[in-house]
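Structure record follows, encoded as structure tokens.
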Amino acid sequence: MFSLFSRESFDVGCTVDVQNTFDSLHAYVELDGDIAIAPGDEVIVHGRPVEVPYGERVVLQRTATVRRAHWLERTWTRMTGDFEFMELCEFSFSERAAL
């Protein structure tokens, strides 16, 4: 039975790239294939937590579960996402900032 609130989910391979160096501290996940992630979708990477000592980089192959947002979640994310972004923009690097 089709439901308006049902969510599609599927597993896909992915590459996890974690680097902890002086030049870069990052963690990236790249899904295998040409899979587009839309607002409200979730990506859950399976496996043990990755610990990378300082000065090293680790690239791993893992499995991820992609959960597609249903129409209401997608609409809500689009509507509220702009407000959350604007919260991030409310800052100042000048010394004369007035709140």
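Read the figures in this text as sums done on the coordinates, not as results from a lab. Every value quoted in this text rests on a predicted model; they were computed, and no experiment measured them. When we count neighbours, we look across all protein chains shown, and the Cβ atoms used for this are built from the backbone with ideal geometry, even at glycine.
Results, tabulated for the structure shown:
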| quantity | calculated |
| --- | --- |
| ³J(HN,Hα) computed for each position of the range 12-18 - Karplus, 6.51 cos²θ - 1.76 cosθ + 1.60, integer Hz, glycine/proline x | 8, x, 8, 10, 10, 10, 10 |
| Two-decimal Rg/Rh across the range 9-88, once Rg and the Kirkwood Rh are taken from alpha-carbon atoms | 1.06 |
| Ser24, Ser9 arranged by Cβ crowding within 10 Å, fewest neighbours leading | Ser24, Ser9 |
